[in-house]
């Protein structure tokens, strides 16, 4: 039984390593986007949409960064959708409205009439888009921070590349704690795969904290119809719908000025709830290439966990397991190094080998609970 397990794990690891090396190849081909001084000036009219639920600790900093863009205020508006907040989120936004005429506030509860949903965020975004004036929709989260040149670079990319959907980088801040570094490394790998695969036209991956799309295209693909019962997926599931209609007009904005930052989860419970929420949509992807990659990753980590549990009862069991994990770690590091350089987080890589056992365990349990369990998010229990 153990010998069969070793063979299966080795086969899975071989396929996984080839996949990671392919991602690395795509990533190294991706040039940093730079604004051409001769390019068209500000011309895109943006509607920035920010769903917010109980974000009194973050909304002020978020909106301050968004509203202080080096971009004409006449060419962008900010629409915050208050999703049943029970704290001071709404009053903070109303105070900011007095100084910013391009800041709007919508209350989701005024439009639901007490109706219960499973996907409040999607409904909030649909409501905001219906009220928007811009021809391009940009979404971010209420706990995020953007650079002053965020819209400037997005406008330049749109004018130069003529996409209908743009994914852009997101990254966690790092306070040096164990949970912070763990999340940073985990998320950095996801962002690297996103940059590599989207630029290569392979996956439809993105993060709703930093995406943009043409408003008319959102309506062309039927908004969130067909995916509106899934709690998450306002980003990747929508991206796939758009790719079906415009397969060659998705882009990835790869530059430092476009990075959106957000704080990691503050405790392990919140972290697991977030990752279970992400895992819950794994079998909902229309893009089956993502599903099979996730299946491979899950199968490999499950196999490694099983071998680890069996190792005390088999001669050289732990040594065999360690060799497999070292191979996995070295291949992943070859991919992580250029990503860490882009995000200026190379020092964090010293913790990467140490985090491997924890990452294997978390991947297995988060994936299982994402499929068969429930999670808590923003004070709501979601199946």
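Descriptive notes on the structure:
- Scope the stretch 99-127; condition over 25 Å from the mean Cα position of the chain (by Cα) and part of a helix (DSSP H, G or I); matching residues: 109, 110, 111, 112
- One residue stands out in the stretch 188-205 among those that are in contact (Cβ under 8 Å) with a residue 40 or more places away in the chain and out of contact with any helix residue (DSSP H, G or I) (no Cβ under 8 Å at 6 or more places or on another chain): the one that is farthest from residue 347 (Cα to Cα), namely 201.
- Residue check for residue 64: over 21 Å from the mean Cα position of the chain (by Cα) and assigned to a loop (DSSP other than H, G, I, E, B): no
- Residues (surrounded by fewer than 20 Cβ atoms within 10 Å (Cβ to Cβ) and in a loop (DSSP other than H, G, I, E, B)) located in the stretch 77-98: 84, 86, 87, 88, 98
- Contacts under 9 angstrom Cβ, first residue in the stretch 211-227 being assigned by TED's automatic domain parsing to the domain that holds residue 144, partner surrounded by fewer than 14 Cβ atoms within 10 Å (Cβ to Cβ) and in a helix (DSSP H, G or I), 6 or more apart: 217/245; 220/245; 221/244; 221/245
- Residues satisfying the stated conditions in the stretch 241-291, i.e. part of a loop (DSSP other than H, G, I, E, B), in contact with a strand residue (DSSP E or B) (Cβ under 8 Å, 6 or more places away or on another chain) and more than 21 Å from residue 169 (Cα to Cα): 246, 280
- Condition check for residue 234: in contact with a strand residue (DSSP E or B) (Cβ under 8 Å, 6 or more places away or on another chain), touching a residue at least 24 places away in the same chain (Cβ under 8 Å) and farther than 16 Å from residue 193 by Cα: yes
- The numbered conditions (1) closer than 28 Å to residue 135 by Cβ; (2) in contact with a helix residue (DSSP H, G or I) (Cβ under 6 Å, 6 or more places away or on another chain) are all true for residue 53 except (2).
Residue by residue, here is whether (1) farther than 24 Å from residue 270 by Cβ; (2) touching a residue at least 60 places away in the same chain (Cβ under 8 Å) holds:
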{"site": "322", "(1), (2)": "yes, no"}
{"site": "332", "(1), (2)": "yes, yes"}
{"site": "351", "(1), (2)": "no, yes"}
{"site": "360", "(1), (2)": "no, no"}
{"site": "364", "(1), (2)": "no, yes"}
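- Tally of residues being closer than 25 Å to residue 146 by Cβ and part of a loop (DSSP other than H, G, I, E, B) across the stretch 210-222: 1
- Among residues that are over 19 Å from the mean Cα position of the chain (by Cα), at pLDDT 95 or above and surrounded by 19 or more Cβ atoms within 10 Å (Cβ to Cβ), residue 169 is not included.
- Residues located in the stretch 196-210, provided they are under 15 Å from residue 290 (Cβ atoms) and buried (at least 21 other Cβ atoms within 10 Å of the Cβ): 196, 197, 198, 203, 204, 205, 206, 207
- Set side by side, the residues 69, 133 differ, and just one is assigned to a loop (DSSP other than H, G, I, E, B), over 21 Å from the mean Cα position of the chain (by Cα) and within 23 Å of residue 173 (Cβ to Cβ), which is 69.
- Evaluation of residue 225 against (1) out of contact with any helix residue (DSSP H, G or I) (no Cβ under 8 Å at 6 or more places or on another chain); (2) more than 23 Å from residue 333 (Cβ to Cβ); (3) assigned to a helix (DSSP H, G or I) (one fails), failing number: (3)
The values are calculated or read from the model by the stated rules, or taken from the named source; none is laboratory data. Since this is a predicted model, take the numbers as computed values, not measurements. Quick reminder, even Gly has a Cβ in these numbers, built from the backbone with ideal geometry, and neighbours come from all protein chains shown.
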